[in-house]
2 protein chains.
Amino acid sequence: MTQNRQVLLASRPSGAVRPENFCIVDAPLPKPGEGQVLLRHHWLSLDPYMRGRMDDARSYAQNAALGEVMVGGIAGEVAESRNPKFKVGDCVIGAQGWQLYSVSDGRGLTRVDTRVAPLSHYLGILGMPGVTAWVGLIDIGKAKAGETVAVSAASGAVGSVVGQLAKLRGCRVVGIAGGAAKCGYCFSELGFDACVDYKAGRLLEDLQEATPQGVDVYFDNVGGEILDAVLTRMNPHSRIPLCGTISQYDKADSHGIRNFRSFLVNRILLQGFIVSDRKAAWPQAIAEITQWVKDGKLKYRESVAQGLDSAPSAFIGMLKGENFGKQVVKLT
Amino acid sequence: MTQNRQVLLASRPSGAVRPENFCIVDAPLPKPGEGQVLLRHHWLSLDPYMRGRMDDARSYAQNAALGEVMVGGIAGEVAESRNPKFKVGDCVIGAQGWQLYSVSDGRGLTRVDTRVAPLSHYLGILGMPGVTAWVGLIDIGKAKAGETVAVSAASGAVGSVVGQLAKLRGCRVVGIAGGAAKCGYCFSELGFDACVDYKAGRLLEDLQEATPQGVDVYFDNVGGEILDAVLTRMNPHSRIPLCGTISQYDKADSHGIRNFRSFLVNRILLQGFIVSDRKAAWPQAIAEITQWVKDGKLKYRESVAQGLDSAPSAFIGMLKGENFGKQVVKLT
């Protein structure tokens, strides 16, 4: 008999996330009531924001509750429908959590077209990370042709789209990533103008070399020391869309930003943002990205973990930068 | 015979500014050429931004040159005119530097009306500091009735106007200032709802008590530890107009901002700004402030130093927070 299987939040991490912060359980297959659908999940999305949800501290979204299914986006199909708006076989994305099945009344589900792109891509370039890239670069960063755009976590789900969108707009693009393989990918595959390896031990010098005209937009996914270094390169009237601070999650003693005066001297705009605040931008962002994907203008890479049980270790690896491209878990 | 007298930049400070960084000299009275006026300066403005000009480091304006007259705003009158646009006795403000006389072709001079307010007020509430307050609070901060506005250097030339403008807009206003006298002034004289004494050693606790609804706009004049503390009180979608970082000028080892993650979690907008970038805002700002001054709705306080020779020590005192209200030097 088919069963559900779920990853629960067992305990809150103190410092780095560890496997024992999760607990994997079997559960009865949920039954859709009147007006509901049963979803079978094919793909689970793993994203840095989930780390914040594991904490007790105030963050931009409700914390995950202890003993409950971990929050997260999935891509799946309708396995059973008692809702006239959905039929069996419809492909959808939704925030159904780390589990194999769920029921839904349809609210928060989005139907997707697998003729345009494989289903899992709707968790990445054609989903929340893609829109995040678009909103930060264009709505907030207002990147213009001829400007220099720098982006951290450059080979990741968001960063790789930021850099490619910036190239399509005629910007000079400088990635920042960890290790030669990721930097090589950004330069050779994605067409960035340069990519700085922050693990090479010459961050300030390498950044300086890579940004001879300074930086006009810094799309920041990481915060910490890398932000502090990029602040030395910011141009007057430059912009910093702040999308994440992944470098700071696990540190009891966070990195203090020392080059803060650059914000004043260069009249920098910094805007922290969460893509879910910006629903108005979704249609245009998705339409543009979809067109570029259809035209073959955007490359996309995934790290695929196999099976729900591998989700905790894949998540822990992603927080350490071990993934390469968008991290997903194949559930079926 | 009448002579000019000037304060020159003798050397660049290493750390705190010292009297020997300046040098006071007599100089011949300048003679206006065709199309020029001779100005007699009555008041010299002392402002924190001048500290940045004394350094070698890149700042938002050209550095002061060694051996040259210190940069600064003055209020004075036309003593001799060979320019048809000005007549003897006209009162003007301009950026003529730390000296008793200057010549000008009229560019950069603004005629002011001493029937509205005393001449020196055009260096403060009716001049650059007043417009700075208006631009930061209204253009950038977008302070709305019912919101909480916090402002550092609250009793100073800019901060005192920020807080009063915010009160006039129906905001709750919390000042941050050094010492009981300044805090008492903000609370009792200026009508702020609360004022936190950052020297009292309970900054975080006192801020928390003073901002039960959090902070929606933080008008920051100081940076450093105080900014770091206020970051713990910022509300979602709050704004930080960053006007100055006076706390950080003299420190070889600047304070690292540790609570940076608040920018992401609360989706904070930070905008460094310099009022001279925002010429378009001047007419509306000056018109509104002038009307409130005429209506007796804005209080204004000056620290007056006597004579050009006292300018260096008054400036050094201001950087230490020894002034109380707008620091000017009476030259005549």
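Computed from the coordinates by the stated procedures, all read-outs in this text should not be read as laboratory data. Treat the numbers as computed from the prediction; the structure is a model and nothing was measured. Quick reminder, even Gly has a Cβ in these numbers, built from the backbone with ideal geometry, and neighbours come from all protein chains shown.
Observations on the structure shown:
- Compactness of chain A as Cα Rg over 2.2 N^0.38 Å, two decimals: 1.01
- Relative intensity, log₁₀ I(q)/I(0), of the range B:129-276 from a Debye sum that treats every alpha carbon as a point, q = 0.16 Å⁻¹: -0.76
- Here the Karplus curve 6.51 cos²θ - 1.76 cosθ + 1.60, taken at θ = phi - 60°, turns the phi angles of the range B:210-217 into couplings of 7, 10, x, 9, x, 10, 9, 10 Hz, with x standing for Gly and Pro.
- Three-way shape label, the range B:203-284, alpha-carbon gyration tensor, a/c 1.5: oblate
- Chain A residue nearest the rotation axis toward B, with distance: A:G256, 1 (Cβ to axis, whole Å).
- Cα-based shape type of the range B:213-332, given that a ≥ b ≥ c are square roots of the gyration tensor eigenvalues and the cut on a/c is 1.5: oblate
- Under the Karplus curve 6.51 cos²θ - 1.76 cosθ + 1.60, θ = phi - 60°, whole-Hz ³J(HN,Hα) for the range A:321-332, x wherever Gly or Pro sits: x, 7, 6, 9, x, 4, 8, 10, 10, 7, 9, 10
- Rel. contact order, % - alpha carbon contacts under 8 angstrom, at least six apart, chain B: 17
- Gap separating the Cα centres of the range B:65-131 and the range B:271-326, nearest whole Å: 14
- Taking the range A:128-276 and dividing mean pair separation by its residue count, relative contact order in percent (alpha carbons under 8 Å, at least six apart): 22
- The slack between B:K320 and B:Q306, meaning 0.36 nm per residue of separation minus the straight C-alpha distance, is 3.2 nm.
- Quick note on the range A:6-155: its Rg to Rh ratio, both from C-alpha atoms and Rh being the Kirkwood radius, is 1.03.
- Pairs of Cα atoms nearer than 8 Å and 6+ residues apart set the relative contact order; for the range A:211-305 it is 26 percent.
- Its Kirkwood hydrodynamic radius, worked out from the mean inverse distance over all distinct Cα pairs, puts the range B:176-240 at 12.1 Å.
- Computed from label points 7 Å out along Cα-Cβ, the spacing between B:T114 and A:T114 is 8.4 nm.
- Residue mean of other protein chain beta carbons inside 10 Å, A:233-243: 2
- Label spacing, shortest first and in nm, from B:S313 to its equivalents in the remaining copies (7 angstrom along Cα→Cβ): 7.4
- For chain B, taking a cut-off of 4.7 Å between Cβ atoms, the unpaired cysteines are B:C23, B:C91, B:C171, B:C243.
- A Förster radius of 45 Å, combined with the Cβ-Cβ distance separating A:A180 from A:T332, puts the computed FRET efficiency at roughly 0.85.
- Cut-off under 5 Å, modelled amide H: who pairs with B:C23 long-range: B:L8, B:A10
- Chain B, helix-only ellipticity at 222 nm - DSSP H runs n ≥ 4, -39,500 (n - 2.57), divided by all residues, nearest 500: -5500 deg cm²/dmol
- Built amide H within the under 5 Å cut-off of B:E147, gap 5+: B:R172
- Sparsely packed trypsin sites (Lys or Arg not before Pro) within the range B:1-99, loop by DSSP, other Cβ within 10 Å at most 15: B:R58, B:R82, B:K85, B:K87
- Whether the protein assembly as shown is rounded, prolate or oblate, judged on the alpha carbon gyration tensor where a/c under 1.5 counts as rounded: prolate
- Along chain A, the exposed loop sites are GluC sites (Glu not before Pro) outside DSSP states H, G, I, E and B with at most 14 other Cβ atoms within 10 Å, and the longest stretch free of them is A:69-321.
- Flagged links, alpha-carbon separation over 19 Å, of B:K87/B:K279; A:K144/A:K167; A:K167/A:K297; A:K87/A:K326; B:K182/B:K299; B:K199/B:K320: B:K87/B:K279; A:K87/A:K326
- For A:A305, the residues whose modelled amide H falls within less than 5 Å of its own, excluding neighbours fewer than 5 places apart on the same chain, are A:V328, A:V329, A:K330.
- Charge dipole (the range B:129-276, unit charges on Cβ, about Cα centre) - positive-most of B:F273, B:L203, B:G178: B:F273
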